[in-house]
Amino acid sequence: MSERAWDAVDTPVVVVDRERTELNLVAMAELARSLGKDLVPHTKTHKSPVWARRQLELGAPRVMVAKLTEAEALLQAGITRQYIGYPLVDAVKEIRLAELVDRGLEAVVAVDSEAGADLLGRVAERTGRSLSALVEVDTGFHRCGLETEEDVVRLARRLADGPVDYAGITCFGGHINWRRARADLPALVDAEDAVLDRMATALLRAGLAPRIISEGGSIPAAFGERLKTATEIRPGTYIYKDYCTMMCGAATEAECAAFAVATVVSTPAGDRAVLDAGSKTLSGDGPADGGFGYIRERPDLILASLSEEHGVVRARNAGPTGLRVGERLTIIPNHVCTMMNLHDRFLVAQGGTIVEEWPVVMRGAVR
């Protein structure tokens with residue numbers, strides 16, 4: 001392992017493999033083209049205007065954000081075409097959205113309430129600029145989104161009758177994830193598609209045919225050939241991939257492009273070693289496969305628990321870990337999106353060499 005440049009860096013630190021990332025970006029762009037669907041990447045994973053710009057270069061008609069602070073950071077970088085996926089309902093958000101639209105933001109916004117629809121209408125009237133809206137549908141994740149055809153048609157008509165451009169429907173298949181048996185995933189994607197088809201049919205009958213039918217999630221996107229109804233896919237994790245996408249069969253270890261480098265700082269017992277990477281370094285999502293990340297050098301070990309600054313490693317067979325104080329390990333996180341948001345900066349590797357250090361520009365952009 002001594003030939004790797006990151007064996008000498010100060011840990012814990014996040015390293016992104018530039019070549020692998022580019023391959024992931026190109027592969028998803030080619031998949032979307034082969035399916036005849038638009039690719040609208042979610043920037044919550046990388047939180048980087050540099051990568052967002054590259055995604056647009058590869059053919060994305062726009063990129064996705066969750067919150068307005070993310071939208072503002074991308075707009076500051078000159079990226080105007082954005083999909084805002086989070087519900088905007090209060091007066092402060094209305095003012096902020098109007099300011100961003102006045103500055104050139106070309107927004108498509110998800111909405112699932114009359115309050116949200118009315119807010120968008122007021123922003124469109126106030127700015128004199130066009131805003132597009134997608135009605136959010138609940139396809140099974142049971143987070144945001146409307147569940148019945150009647151509610152979806154009603155909200156779509158409210159949008160269509162106002163100053164906002166009613167563009168279609170959107171959803172997020174977050175329930176299609178690593179917690180489900182891999183063999184069950186195709187059927188779950190089929191059920192997802194059936195809900196979208198049912199909603200689109202109801203809208204068509206009401207004279208409100210959607211021109212955009214937007215499906216979110218990297219796991220559904222990996223089964224894109226089963227998404228017959230969707231006109232676009234909105235994956236985020238695909239840029240780096242992670243252990244949970246590995247568990248779903250949507251990534252291989254070699255395709256994972258972001259990892260944490262950690263040092264063994266203590267071996268207080270033969271069956272236990274402690275890393276300098278805890279919940280302030282890695283994603284706390286999980287446990288997945290019994291742990292909080294995949295240890296690339298030692299799949300026989302498990303990152304069994306995290307506290308703020310410590311990660312406890314144990315052997316899967318409950319035997320000795322065989323680790324030594326000072327040894328370096330690289331960890332693929334369970335959930336790369338949350339890991340990236342924990343760091344101000346990350347190292348960029350190319351050919352096993354650290355070539356740059358990039359800021360996580362949109363870190364903490366949660367408003």
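The values are calculated or read from the model by the stated rules, or taken from the named source; none is laboratory data. Predicted model, so just to flag it, every value in this text is computed and none were measured. Cβ: placed from backbone, ideal geometry, glycine included. Neighbour counts: every protein chain shown.
Residues that are aromatic (Phe, Trp, Tyr): list the strands (runs of 3 or more DSSP E) wholly contained in the range 243-308 that include at least 1 such residues.
Here the list reads 258-269.
Can you tell me which residue among LEU100, LEU31, LEU119, LEU88 is within 21 Å of the chain's Cα centre (by Cα), part of a helix (DSSP H, G or I) and at pLDDT 95 or above?
When all the criteria are applied, what remains is LEU31.
With the condition kept exactly as written, say whether any residue in the range 137-144 is out of contact with any helix residue (DSSP H, G or I) (no Cβ under 9 Å at 6 or more places or on another chain), closer than 23 Å to LYS67 by Cβ and surrounded by 15 or more Cβ atoms within 10 Å (Cβ to Cβ).
Yes, there is a match, as at least one residue in the range 137-144 is out of contact with any helix residue (DSSP H, G or I) (no Cβ under 9 Å at 6 or more places or on another chain), closer than 23 Å to LYS67 by Cβ and surrounded by 15 or more Cβ atoms within 10 Å (Cβ to Cβ).
Name the residue, out of ILE302, ILE295, ILE332, that is farther than 30 Å from LEU75 by Cβ and touching a Cys at 6+ places or on another chain (Cβ under 7 Å).
One residue alone meets the criteria, ILE332.
Within the group ARG33, ARG18, ARG62, ARG53, which residue is out of contact with any Pro (no Cβ under 8 Å at 6 or more places or on another chain) and closer than 25 Å to THR330 by Cβ?
Going through ARG33, ARG18, ARG62, ARG53 in turn, just one is out of contact with any Pro (no Cβ under 8 Å at 6 or more places or on another chain) and closer than 25 Å to THR330 by Cβ: ARG18.
Is it the case, given these coordinates, that ARG143 is free of Cβ contacts under 8 Å to residues at least 12 places away in the same chain, within 30 Å of PRO287 (Cα to Cα) and assigned to a loop (DSSP other than H, G, I, E, B)?
No, not satisfied.
Look at ALA200 and say whether it is under 21 Å from GLU150 (Cβ atoms), modelled with pLDDT of 95 or more, part of a helix (DSSP H, G or I) and in contact with a Pro (Cβ under 6 Å, 6 or more places away or on another chain).
yes
Test GLU308 against the stated conditions and say whether it is under 25 Å from MET247 (Cα atoms) and not aliphatic (A, V, I, L, M).
Considered against the rule, which asks whether it is under 25 Å from MET247 (Cα atoms) and not aliphatic (A, V, I, L, M), GLU308 comes out as no.
Do we find a residue being surrounded by 21 or more Cβ atoms within 10 Å (Cβ to Cβ), over 18 Å from the mean Cα position of the chain (by Cα) and without any contact (Cβ under 8 Å) to a residue 60 or more places away in the chain anywhere in the range 211-222?
Checking the range 211-222: at least one residue is surrounded by 21 or more Cβ atoms within 10 Å (Cβ to Cβ), over 18 Å from the mean Cα position of the chain (by Cα) and without any contact (Cβ under 8 Å) to a residue 60 or more places away in the chain.
Looking only at the range 162-178, how many residues end up being in contact with a Cys (Cβ under 9 Å, 6 or more places away or on another chain) and either assigned to a loop (DSSP other than H, G, I, E, B) or surrounded by fewer than 21 Cβ atoms within 10 Å (Cβ to Cβ) (or both)?
3
Identify, from the list VAL265, VAL313, VAL274, the residue that is among the hydrophobic types (A, V, I, L, M, F, W, C) and without any contact (Cβ under 8 Å) to a residue 40 or more places away in the chain.
VAL274
Any idea how many residues of the range 179-210 are surrounded by 17 or more Cβ atoms within 10 Å (Cβ to Cβ) and β-branched (Val, Ile, Thr)?
Looking only at that region, the number is 2.
Which residue pairs have Cβ atoms closer than 6 Å, lie 6 or more positions apart in sequence or on different chains, and pair a first residue in the range 74-87 that is within 17 Å of GLY236 (Cα to Cα) with a second residue that is in a loop (DSSP other than H, G, I, E, B)?
Listed by first residue and then by second, the contacts come to ARG81/ARG62; GLN82/ARG62; TYR83/VAL40; TYR83/ARG62; GLY85/ALA66; TYR86/ALA66; TYR86/LYS67.
Have a look at GLU94, GLU19 and point out the one that is in a helix (DSSP H, G or I) and either hydroxyl-bearing (Ser, Thr, Tyr) or closer than 26 Å to LEU347 by Cα (or both).
That would be GLU19, the only listed residue that is in a helix (DSSP H, G or I) and either hydroxyl-bearing (Ser, Thr, Tyr) or closer than 26 Å to LEU347 by Cα (or both).
Which condition number in (1) out of contact with any helix residue (DSSP H, G or I) (no Cβ under 8 Å at 6 or more places or on another chain); (2) within 16 Å of ASP242 (Cβ to Cβ); (3) part of a loop (DSSP other than H, G, I, E, B) is the one that GLY319 fails?
(2)
Among the residues of the range 189-197, are any farther than 22 Å from GLU106 by Cβ, without any contact (Cβ under 8 Å) to a residue 60 or more places away in the chain and within 19 Å of the chain's Cα centre (by Cα)?
Yes.
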